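Written out below as structure tokens is the structure these notes cover.
The values are calculated or read from the model by the stated rules, or taken from the named source; none is laboratory data. Quick caveat, the model's predicted, so the values are computed rather than measured. Cβ placement follows ideal geometry from the backbone for every residue including glycine, while neighbour counts extend to all protein chains displayed. Please note that ligands, DNA and RNA were not included when accessible areas were found on the heavy atoms of the full protein model with its side chains. Shrake-Rupley method; radii C 1.70, N 1.55, O 1.52, S 1.80 Å.
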Amino acid sequence: MAIVVVTKINRFHKQINGNDKVTLTFNVSANLESLFTWNTKQVFVFLTAEYKNAKNSLNQISLWDHIIPDKEHANLQLEVKSKYPLIDQGSSLRGKKVQLVLHWYVMPNAGTMIQDQMALSEFKLPDAYTS
Ligand SMILES: *[C@@H]1O[C@H](CO)[C@@H](O)[C@H](O)[C@H]1NC(C)=O
């Protein structure tokens, strides 16, 4: 139902404060048409990068988000840059395996909001900074 492929590491460096920062380009392919029923107002979808390091058992960082207004726009085929950079609290990202997860909120016209998520591919960050 959904595939996200990282196509480019745009920049991977260590900030002056010592935190690693990565910006990515990725292709999103996701057909979310089935989330639209008579009661769906819109769908909010976001992509997170999730990984472990010595500081935290789970770091979850939002990379991109998108509002789908209707079913006609729910079959996503997009090439996008990360809206939000992946910033580590520290410098543990070199060679790190990162799990991509697609999350969505289905906002109804009436009733309770439904939330779900789906684990996607893993990708490995480069062993060295790009700049
Ligand atoms: C990513 O999407 C672009 C534009 O649709 C396409 O040209 C490119 O081949 C895709 N790359 C991968 C690795 O799927």
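Below, the figures for the structure above:
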item	result
Count of residues meeting criterion [of a type outside the set (A, V, I, L, M) and within 16 Å of the chain's Cα centre (by Cα)] in the range 97-131	12
Subset tally (residues that are open to solvent by 50 Å² or more (accessible area, probe 1.4 Å) and more than 16 Å from the ligand (Cβ to nearest atom)) for the range 74-90	4
